[in-house]
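Encoded as structure tokens, the structure appears first; notes follow it.
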Amino acid sequence: MASRTAPDSLRWVQDLLNTLDIETGEDALTADGGPGGFLRAHGVPEPGPGRGELGELQELREALREVCLAHTAGTAVPEPAARTLDRLFAAAPLVLAVRPDGGAALRPAAGLGGAAYLTARIAAGIATAVADGTWKRLKACEAHDCRWVFYDRSPAGRSRWCSMAVCGSRAKMRTYRARRAESE
């Protein structure tokens, strides 16, 4: 099976979204080290004093998960999630950096740290992914007890589950049993 890992531009989004295992309830953002452990593991500068990192990261994570679910279903992004992301991205400004080779890239504005820095990095990654056409391939598993985020590398871009062997098989078995129960 092809890798379900997102391209570099979307890796930070996928990493943040998969900090929560919905099936077990385990949240890496509240585990040992808390949000600081996750941020340090991603090389994020320390936040300023008094920042509510955990709540901000969880809010960002769940709004982005709604976007990925919309990608899976082929529907519009729910308005509350869009408003949340607008607010969080507005508080995490980007600047355009011109490289010596003449290329350019978005990067977090100077002085950002913690959740704001991560939010800006994610915004820059999304902008790159929109430009190269990969953004809508970052999806959340359709299984209500999973919602794991994966990158859809299928030729048609229509994958609905993180794993056909697990979540897809369970969904097909539920559908089969429901149809069988209807016919009895």
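Among the residues of the stretch 23-34, are any touching a Cys at 6+ places or on another chain (Cβ under 9 Å) and of a type in the set (D, E)?
For the stretch 23-34, residues touching a Cys at 6+ places or on another chain (Cβ under 9 Å) and of a type in the set (D, E): present.
Taking the stretch 38-89, which residues are of a type in the set (S, T, Y) and within 18 Å of L20 (Cβ to Cβ)? Hits for the stretch 38-89 are T72, T84.
Please note which strands (runs of 3 or more DSSP E) are completely contained in the stretch 86-184 and include at least 3 residues that are modelled with pLDDT of 85 or more, in contact with a Phe, Trp or Tyr (Cβ under 9 Å, 6 or more places away or on another chain) and open to solvent by less than 70 Å² (accessible area, probe 1.4 Å). Explain how you work it out, then say what you get.
On the way: elements: 94-98, 104-108, 138-140, 149-151.
Strands (runs of 3 or more DSSP E) meeting the threshold: 138-140.
From the list L64, L39, the lone residue that is over 22 Å from A143 (Cα atoms) and outside any loop (DSSP other than H, G, I, E, B) is L39. In this structure, L57 does satisfy being in a helix (DSSP H, G or I), out of contact with any strand residue (DSSP E or B) (no Cβ under 9 Å at 6 or more places or on another chain) and open to solvent by less than 60 Å² (accessible area, probe 1.4 Å). Among the residues making up the stretch 67-85, a single one is part of a helix (DSSP H, G or I), within 22 Å of T134 (Cβ to Cβ) and of a type in the set (S, T, N, Q): T72. Counting only residues that are among the polar types (S, T, N, Q) and surrounded by 17 or more Cβ atoms within 10 Å (Cβ to Cβ), the stretch 65-85 holds 2 of them.
The values are calculated or read from the model by the stated rules, or taken from the named source; none is laboratory data. Please read these numbers as outputs of a predicted model, since none were measured by experiment. Virtual Cβ from ideal backbone geometry, glycine too; neighbours counted across all protein chains shown. We work out accessible area using only protein heavy atoms, side chains counted, and drop any ligands, DNA or RNA first. Shrake-Rupley method; radii C 1.70, N 1.55, O 1.52, S 1.80 Å.
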